[in-house]
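Colleague: Please see the structure below; I have some questions.
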Amino acid sequence: MSTETKSALKTTEFFVYIAAVVAVLIASMVVGTEEGHRDYFRADTAWLYIVILTVGYMISRGLAKSGSRDHYDGS
């Protein structure tokens, strides 16, 4: 018996996705307004990038699930 693919928590793209989301949030927090300059990386832009990352992650998981098999061990 086999499952369709590995659990999402066992894949490297999950951890890369989490790291990228955290990096976007940190960058958005660090890049802010300074005296005489506007905010170049506003919160709405950061959330747009996170949505794009999420869609990319979901597409990569969908491609990974299409036709790959992982041994089923019952847990």
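Colleague: If you go through the stretch 34-43, how many residues are outside any helix (DSSP H, G or I) and either open to solvent by 100 Å² or more (accessible area, probe 1.4 Å) or modelled with pLDDT of 85 or more (or both)? First the steps, then the outcome.
Modeller: The first filter runs over the stretch 34-43 and keeps only residues outside any helix (DSSP H, G or I), leaving 34-42.
Applying the additional criterion that residues be either open to solvent by 100 Å² or more (accessible area, probe 1.4 Å) or modelled with pLDDT of 85 or more (or both) yields 34-35, 37-38, 40, 42.
Selection size over the stretch 34-43: 6.
Colleague: Looking at the stretch 35-61 only, could you name the residues that are more than 17 Å from Ile18 (Cβ to Cβ) and either of a type in the set (Gly, Ala, Ser) or out of contact with any Ser or Thr (no Cβ under 8 Å at 6 or more places or on another chain) (or both)? Show your work before the answer.
Modeller: So in the stretch 35-61, the residues more than 17 Å from Ile18 (Cβ to Cβ) come out as 35-45, 48.
Within the stretch 35-61, Glu35, Gly36, His37, Arg38, Tyr40, Ala43, Asp44, Leu48 qualify.
Colleague: Same structure again: Are there any pairs with C-beta distances below 6 angstrom linking a residue in the stretch 16-31 that is outside any helix (DSSP H, G or I) to a residue that is modelled with pLDDT of 95 or more and β-branched (Val, Ile, Thr), with the two at least 6 apart or on different chains, and if so which?
Modeller: Within 6 Å, no pair qualifies.
Colleague: Any residue in the stretch 11-25 that is within 15 Å of the chain's Cα centre (by Cα) and at pLDDT below 75? It would help to see each step written out before you state the result.
Modeller: Taking the stretch 11-25 and keeping what is within 15 Å of the chain's Cα centre (by Cα), we get 11-25.
Those left that are additionally at pLDDT below 75: 11.
Yes, that holds for at least one residue.
Colleague: Of all residues being part of a loop (DSSP other than H, G, I, E, B) and open to solvent by less than 90 Å² (accessible area, probe 1.4 Å) in the stretch 58-75, which is modelled with the highest pLDDT? Just the residue, please. Give the derivation first.
Modeller: Restricting attention to the stretch 58-75, the residues satisfying the condition of being part of a loop (DSSP other than H, G, I, E, B) are 66-69, 72-75.
Then drop every residue that is not open to solvent by less than 90 Å² (accessible area, probe 1.4 Å), which leaves 66-68, 74.
Working: Ser66: 70, Gly67: 63, Ser68: 61, Gly74: 57.
Looking at the filtered set, the residue picked out is Ser66.
Colleague: Looking at the stretch 44-57, can you tell me whether even one residue there is of a type in the set (A, V, I, L, M, F, W, C), at pLDDT below 85 and open to solvent by 40 Å² or more (accessible area, probe 1.4 Å)? Outline the logic, then answer.
Modeller: First, the residues of the stretch 44-57 that are of a type in the set (A, V, I, L, M, F, W, C): 46-48, 50-53, 55.
Now narrow it down to the ones that are at pLDDT below 85: none.
Scanning the stretch 44-57, I find no residue that is of a type in the set (A, V, I, L, M, F, W, C), at pLDDT below 85 and open to solvent by 40 Å² or more (accessible area, probe 1.4 Å), so the answer is no.
The values are calculated or read from the model by the stated rules, or taken from the named source; none is laboratory data. Every value quoted in this text rests on a predicted model; they were computed, and no experiment measured them. Note that each Cβ is placed from the backbone with ideal geometry, even for glycine, and that neighbours are counted across all protein chains shown. Ligands, DNA and RNA are excluded from the accessible area calculation, which covers all protein heavy atoms including side chains. Shrake-Rupley method; radii C 1.70, N 1.55, O 1.52, S 1.80 Å.
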